[in-house]
1. So, in nm, how far is label MET183 from label MET144 when the simple model puts each one 7 Å beyond its Cα toward the Cβ?
2. Check which residues have an amide H placed less than 5 Å from ILE97's amide H, if you skip close sequence neighbours.
3. When the Karplus curve 6.51 cos²θ - 1.76 cosθ + 1.60 is applied with θ = phi - 60°, which whole-Hz ³J(HN,Hα) does each residue of the stretch 110-116 get, with x for Gly and Pro?
4. Throw me the Rg/Rh for the stretch 171-213, computed over C-alpha atoms with Kirkwood Rh, two decimals.
5. Given a Förster radius of 30 Å and the C-beta distance between GLU93 and SER31 as r, what FRET efficiency does 1/(1 + (r/R0)^6) yield to the nearest 0.05?
6. With +1 assigned to the C-beta of every Lys and Arg and -1 to the C-beta of every Asp and Glu, and no other charges, what is the dipole magnitude of the chain about the Cα centre in debye, to the nearest 20?
7. Can you classify the stretch 1-119 as rounded, prolate or oblate using the Cα gyration tensor, where a ≥ b ≥ c are the square roots of its eigenvalues, rounded means a/c under 1.5, and otherwise it's prolate if a/b beats b/c and oblate if not?
8. At what distance in angstrom do the alpha carbon centres of the stretch 17-74 and the stretch 110-152 lie from each other?
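None of the figures in this text is laboratory data; all of them are computed from the coordinates on show. Keep in mind it's a predicted model, so treat the numbers as computed, not measured. Please note: Cβ atoms are built from the backbone with ideal geometry, for glycine as well, and neighbour counts cover all protein chains shown.
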Amino acid sequence: MEQQEVFTMPRIGDMAPDFKAMTTQGMIQFSEYIKGSWTILFSHPADFTPVCTTEMSGFAILEDKFKALDTKLIGLSIDSIHSHIAWVHNVKEKMGILMKFPIIADIDMKVAKLYGMLQPGESETAAVRAVFFIDPAGKIRLIMYYPLNVGRNMDEIIRSLQALQAADKYKVALPLNWKPGEMAIVPPPKTVDEMEERIKSDYEMVDFYLAKKKI
């Protein structure tokens with residue numbers, strides 16, 4: 001019986017696996033590239049395909065917004081560096097959009113396997129649409145997976161990034177559909193004394209365990 005290859009799946013809370021790879025911006029050591037800033041690593045199935053072109057263009061259009069949020073971008077597909085460069089040129093020529101962020105040439109599928117981007121039930125030769133949010137300490141904080149035939153939602157990617165950053169900065173949790181400027185949830189009390197203090201506070205209270213404040 002043929003043994004099926006096992007693909008790793010990094011989890012939320014894991015340190016981002018390190019690797020060295022060629023990209024459209026030259027050779028990178030991933031641990032060095034991500035050091036000290038937030039990073040979004042995202043994969044697409046293939047160059048010169050329609051959904052991928054809309055997605056990668058979307059990241060390129062919003063690159064300045066990501067920079068303002070202290071976040072680096074880095075893409076990946078199982079294509080050669082020559083294919084990547086030709087695709088970047090094609091998109092700039094046809095759409096006027098330049099993908100300045102590095103795109104990993106993962107022709108040997110090394111990084112895709114390392115990050116669980118190859119999911120055999122979907123495809124054994126094309127990476128699914130994965131998105132990894134990595135914090136400045138190199139820890140994976142959020143993971144999104146989309147199938148080959150459904151494009152990502154850029155508004156949700158930005159919102160999720162802002163929520164992670166706000167949760168870290170203010171030591172809060174964020175409710176359903178939270179957006180910047182809206183109230184955040186204060187962690188619930190862990191002792192009776194904390195509960196009593198909560199009741200006397202100026203938080204917006206639904207009950208002692210569900211309280212909100214402005215951040």
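1. Result for the modelled spin labels: 2.7 nm.
2. Residues meeting the amide H criterion: LYS92.
3. Each residue's phi maps through the Karplus curve to give 4, 6, 4, 6, 4, 9, x Hz.
4. Numbers: Rg = 10.6 Å, Rh = 10.8 Å.
Dividing the radius of gyration by the Kirkwood radius yields 0.98.
5. Computed FRET efficiency for GLU93 and SER31 comes out at 0.30.
6. For this selection, approximately 520 debye.
7. Verdict is oblate for the stretch 1-119.
8. 12 Å
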